[in-house]
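*Asks:* Mind having a look at this structure? Questions to follow.
The values are calculated or read from the model by the stated rules, or taken from the named source; none is laboratory data. Everything numeric here is computed off the predicted structure, so don't read it as measured data. Reconstructed Cβ throughout: ideal geometry from the backbone, glycine too, with neighbour counts over all protein chains shown.
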Amino acid sequence: MLKGDMDLRKLRYFLEVADAGSITAAAERLRMTQPALSRQVRAFEDEMGWPLLDRGAKSIQLTKQGKVVLREGKAILAAVEGGVERMRREIEGGVIRIGYAPSLGGEILKNAMGCFVQRHSGVKLELHDETTEEMRRKVLSGELDLMIGVRAHKADMEWVDLDSKKLVLAVPQGHALADKSRIKPGDLEGVRLLLLSRHDYPEYWSQVIHFFKDQGVNAKVAGEFDGIESLGVALRAGVGVALVAERASVGEGVHLIHMQPEPDPVSVAVGWRADRALDAMTSAFVEELSLNAQDAKSPGQTR
């Protein structure tokens, strides 16, 4: 039975002991004496009303209750620290950390930033050029506040759609297909196909592979790349062809040609952790992104 309110300082001590595997090692990390830390952990157990550690002569083990407190305690501290950061950001200004894919959301992001900083000069926007999976991992771990890239249909993220990008065929200069104005899937039978990697860009990779499969085209995957820049280098070197987002920056000497029928477009969205409500400043930036995306779709309109 819980005897009182949780003391977050003692919770931190317990988590340190659980992570270090011994009170002695944790005390060294915390620059405390072993007896003082031991007293704090026992006091935490008394406050909670549960035995959290089985203490042996040379080591400790977590009890069943201790394993639960370890798991939930980490989540509690992360939520508290995140909440404090969001309060500080809203009251004092602060930093919004944004991961983005330049070839997909760069233009919308640039325009939104210009409008946002005029209204919220105390907030700094920190940008991180990352792969899709790196962005998603860092959003879920709390290292990023937002990501702008290909929308992933997973329950651990919330999304606001920003844009829809057509996939076109990138063909190097001098390739047999370079002079075509429009390409049919059958034209790609046996071509050497370059892809963004399945590990870093799983939604894109799956979409391209399924398009070729649905069209009954047998293309040979000649390489997978960790970003549009390295993919562009391979294209310009004549290694193969690739399906990329329309207006992707793949460098000079590469032709972007529409396909008939067209592959399904890539959905570009801004996402954040589903279990963490956005603070007012971050929410305002998401709204600015959405408004700029709408303006881009309706040129000539002003806000």
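So that you can scan it fast, the table gives a plain yes or no per residue for (1) within 20 Å of residue 265 (Cβ to Cβ); (2) not assigned by TED's automatic domain parsing to the domain that holds residue 277:
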site: 119; (1), (2): no, no
site: 130; (1), (2): no, no
site: 140; (1), (2): no, no
site: 146; (1), (2): no, no
site: 149; (1), (2): yes, no
site: 157; (1), (2): yes, no
site: 174; (1), (2): no, yes
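*Asks:* Continuing with the same structure: Please go through the stretch 144-155 and pick out each residue that is charged (D, E, K, R) and either modelled with pLDDT of 90 or more or surrounded by 23 or more Cβ atoms within 10 Å (Cβ to Cβ) (or both).
*Replies:* 145
*Asks:* Provide a single number: the residues in the stretch 6-26 that are over 35 Å from the mean Cα position of the chain (by Cα) and within 23 Å of residue 81 (Cα to Cα).
*Replies:* Number satisfying all stated conditions: 0.
*Asks:* Going through the stretch 130-142 one residue at a time, which ones are within 17 Å of residue 229 (Cα to Cα) and either free of Cβ contacts under 8 Å to residues at least 40 places away in the same chain or β-branched (Val, Ile, Thr) (or both)?
*Replies:* Across the stretch 130-142, the qualifying residues are 130, 131, 132.
*Asks:* Could I ask something else about it? Among (1) in a helix (DSSP H, G or I); (2) over 21 Å from residue 149 (Cβ atoms), where does residue 292 come up short?
*Replies:* (2)
*Asks:* Hey, another quick one. I want to confirm something. Restricting to the stretch 176-213 and keeping residues that are basic (Lys, Arg) and in contact (Cβ under 8 Å) with a residue 24 or more places away in the chain, which single residue is farthest from residue 259 (Cα to Cα)?
*Replies:* 198
*Asks:* Still on this structure: So how many residues does the stretch 188-232 have that are within 21 Å of the chain's Cα centre (by Cα), farther than 19 Å from residue 136 by Cβ and of a type in the set (D, E, K, R)?
*Replies:* Going through the stretch 188-232 one residue at a time, the tally reaches 1.
*Asks:* Do we find a residue being of a type in the set (A, V, I, L, M, F, W, C), modelled with pLDDT of 90 or more and more than 19 Å from residue 152 (Cα to Cα) anywhere in the stretch 267-286?
*Replies:* Yes, the conditions are met somewhere in the stretch 267-286.
*Asks:* When you scan the stretch 46-68, do you find a residue that is at pLDDT below 90, surrounded by fewer than 17 Cβ atoms within 10 Å (Cβ to Cβ) and among the β-branched types (Val, Ile, Thr), even just one?
*Replies:* No, the stretch 46-68 has no match at all.
*Asks:* So which of 167, 177 ends up being of a type in the set (A, V, I, L, M), under 18 Å from residue 249 (Cβ atoms) and in contact with a helix residue (DSSP H, G or I) (Cβ under 9 Å, 6 or more places away or on another chain)?
*Replies:* Exactly one of 167, 177 is of a type in the set (A, V, I, L, M), under 18 Å from residue 249 (Cβ atoms) and in contact with a helix residue (DSSP H, G or I) (Cβ under 9 Å, 6 or more places away or on another chain), namely 167.
*Asks:* Also: Within the set of pairs 6 or more residues apart or between chains, which connect a residue that is surrounded by fewer than 17 Cβ atoms within 10 Å (Cβ to Cβ) inside the stretch 103-117 to a residue that is part of a helix (DSSP H, G or I) with Cβ atoms less than 8 Å apart?
*Replies:* Taking only residues 6 or more apart or on different chains, the pairs are 107/296; 115/288; 115/291; 115/292.
*Asks:* Next up: Taking residue 277 as the residue in question, decide whether it is hydrophobic (A, V, I, L, M, F, W, C) and within 27 Å of residue 180 (Cα to Cα).
*Replies:* No, not satisfied.
*Asks:* If you don't mind, another one. Restricting attention to the stretch 218-229, report how many residues are part of a helix (DSSP H, G or I) and either free of Cβ contacts under 8 Å to residues at least 40 places away in the same chain or surrounded by fewer than 21 Cβ atoms within 10 Å (Cβ to Cβ) (or both).
*Replies:* Residues in the stretch 218-229 being part of a helix (DSSP H, G or I) and either free of Cβ contacts under 8 Å to residues at least 40 places away in the same chain or surrounded by fewer than 21 Cβ atoms within 10 Å (Cβ to Cβ) (or both): 1 in total.
*Asks:* Going through 163, 179 one at a time, which residue ends up being out of contact with any Asp or Glu (no Cβ under 7 Å at 6 or more places or on another chain) and closer than 27 Å to residue 133 by Cβ?
*Replies:* That would be 163, the only listed residue that is out of contact with any Asp or Glu (no Cβ under 7 Å at 6 or more places or on another chain) and closer than 27 Å to residue 133 by Cβ.
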